[in-house]
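Take a look at the structure below.
The values are calculated or read from the model by the stated rules, or taken from the named source; none is laboratory data. Everything numeric here is computed off the predicted structure, so don't read it as measured data. As a convention, Cβ positions derive from the backbone with ideal geometry for all residues, glycine included, and neighbour counts pool all protein chains shown.
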Amino acid sequence: MSKTGVQTRRSAVFLLDQVLGEGRLLSEVIGSGALERLDPADRARAQRLAVDTLRSLERVDRILQKHLKKTTALTVHNALRVGTMELCQGGAAHGVVNDAVEIVAKSKHNSAMKGLVNAVLRKVDATGREEWAKLRVPRMAKWLRKPLAQAYDNEIMLKIEAAHFAGAPLDLTVKVDVAAVAAAVEGTVMPTGSVRVPAGRQVSAMAGYDAGDWWVQDAAAALPARILDVKPGEKVLDLCAAPGGKTMQMAAAGADVTAVDDNPARMARVEENLKRTGLQATLVVGDAMAQEGEYDAILLDAPCSATGTMRRHPDLPFAKDGSEFGDLIGLQEVFLDHALGLLKPGGRLVFCTCSLLPDEGEVQVEEAVARWSGVSVDREAIMVDGVLPEWVTEEGGLRLRPDYWPEQGGMDGFYMAMLRKAA
């Protein structure tokens, strides 16, 4: 790590303090400017250190507990956690230990603990790597594992947890020439058309970023818009649109897209990305339930538990506790009924959630079809390039899991289905 290593590690510790101490999401903390003083490369490193520590927290804490006889202040503990994670994954002891000691030494309330930090991390450096390799793959938080275990057998659960621990590569959705972008960024074209590159790349420094040739979007998240398959000139509604990847996909296809979301900051980001990519859409900051009109096609990425994104967002289990599941499931039903009411006769709607819970996917579609006599599931529409038959569910949707494509780095957990309204 560069001369700014201590600032980068200090920032990673701060991120952990916010997630583990305040229950905040990393996206919220970073979005509020926590890393603004770092240059882009160090900003990416700080975020990566925090993410890697959260992802491996069970292993980190099991190693640390052998060397700690009493509870330490959160900032001290998090400095130890970052250091332990780095050392156990091959980090050079000199830089890792010295920076952790300096972080604690310059902490107003914790400077007296710098000797403990030095002693503990020296012990971790001596034995930690060997211990690390013997520990099990970290388990999901109990509040999440319990409902998922009702939907998936133990073998699948272990595969999902292994995918979470492995982390996620970076997927790009390409505006025009997939092969050219793949060559320029030294990436791999995935079966569904996304371009995949290793994690840890500085996005803004990659070839084609400034030219707007692509945007970051997980391969699973790119499928709903491909399934909706909008045509030039069609009037299309993207409900709950931020962060905007699907809006850009549909705009790139030539559709007349209206994108609606109630989060002003996230919609500002959508506007920035549309400008960077040279694409156009009508952006509406407001309540999706207030949207009116009639549309040829609608994409509803409904508010959900986001349990399918944990391989990229390991902070989620620490910022949530599952108490919102019931409210979200009820909200999804309301949103889906409203969206179907905005659909023209003969129109089509893709409902999707980045969730692993069937109640936020399969069950919602089954119940919507039962409520709406003129609505049916289009089973053929979901079979776009790269989709495998075993991903298709009984009611005719797609159930994607993090353990799919295990040799290529997995994908987000997602559910999606195409609904058609009778003419």
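I'd like to know if the range 268-278 contains one or more residues that are in a loop (DSSP other than H, G, I, E, B), modelled with pLDDT of 95 or more and either of a type outside the set (Ser, Thr, Tyr) or farther than 18 Å from residue 214 by Cα (or both).
yes
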Inset, instruction - Can you give me the number of residues within the range 389-406 that are outside any helix (DSSP H, G or I) and either of a type in the set (A, V, I, L, M, F, W, C) or at pLDDT below 95 (or both)? - result: 4
Inset, instruction - Name every residue in the range 224-241 that is assigned to a loop (DSSP other than H, G, I, E, B), on the phi < 0 side of the Ramachandran plot and not charged (D, E, K, R), in order of residue number. - result: 230, 232, 241
Inset, instruction - Could you please find all residues in the range 339-367 being surrounded by 22 or more Cβ atoms within 10 Å (Cβ to Cβ) and not in a strand (DSSP E or B)? - result: 339, 354, 355, 356, 357, 360, 361, 364, 365
Legend entry - Conditions (1) over 26 Å from the mean Cα position of the chain (by Cα); (2) at pLDDT below 95; number of the one not met by residue 45: (1)
Inset, instruction - Return the residue satisfying two criteria in turn: it lies in the range 34-51 and is of a type in the set (D, E, K, R) and touching a helix residue (DSSP H, G or I) at 6+ places or on another chain (Cβ under 6 Å), and of such residues it is surrounded by the fewest Cβ atoms within 10 Å (Cβ to Cβ). - result: 42
Legend entry - Subset of the range 284-302 [within 23 Å of the chain's Cα centre (by Cα) and buried (at least 20 other Cβ atoms within 10 Å of the Cβ)]: 288, 298, 299, 300, 301, 302
Inset, instruction - Collect the residues in the range 132-155 that are at pLDDT 95 or above, under 20 Å from the mean Cα position of the chain (by Cα) and surrounded by fewer than 15 Cβ atoms within 10 Å (Cβ to Cβ), keeping them in residue-number order. - result: 139
Inset, instruction - Go through the range 84-134 and give me each residue that's charged (D, E, K, R) and closer than 20 Å to residue 57 by Cβ. - result: 86, 99, 123, 125, 129, 130, 131, 134
Inset, instruction - State whether one or more residues within the range 77-93 are outside the structural domain of residue 306 (by TED's automatic domain parsing), in contact (Cβ under 8 Å) with a residue 24 or more places away in the chain, surrounded by fewer than 15 Cβ atoms within 10 Å (Cβ to Cβ) and more than 17 Å from residue 117 (Cα to Cα). - result: yes
Inset, instruction - Identify all residues within the range 201-250 that are in contact with a helix residue (DSSP H, G or I) (Cβ under 8 Å, 6 or more places away or on another chain), of a type in the set (Asp, Glu) and closer than 22 Å to residue 342 by Cβ; write none if there are none. - result: 238
Inset, instruction - Taking only the range 205-259 into account, find how many residues are under 12 Å from residue 298 (Cβ atoms) and surrounded by fewer than 23 Cβ atoms within 10 Å (Cβ to Cβ). - result: 4
Inset, instruction - Could you please let me know if residue 30 is assigned to a helix (DSSP H, G or I), among the hydrophobic types (A, V, I, L, M, F, W, C) and either surrounded by fewer than 18 Cβ atoms within 10 Å (Cβ to Cβ) or modelled with pLDDT under 95 (or both)? - result: yes
Inset, instruction - Could you tell me which numbered condition residue 386 fails, if it satisfies all but one of (1) part of a loop (DSSP other than H, G, I, E, B); (2) touching a Lys or Arg at 6+ places or on another chain (Cβ under 7 Å); (3) over 22 Å from residue 303 (Cα atoms)? - result: (2)
Inset, instruction - Among the numbered conditions (1) buried (at least 16 other Cβ atoms within 10 Å of the Cβ); (2) closer than 20 Å to residue 5 by Cα, tell me where residue 122 comes up short. - result: (1)
Legend entry - Scope the range 194-223; condition of a type in the set (Val, Ile, Thr) and assigned to a strand (DSSP E or B); matching residues: 195, 197, 216
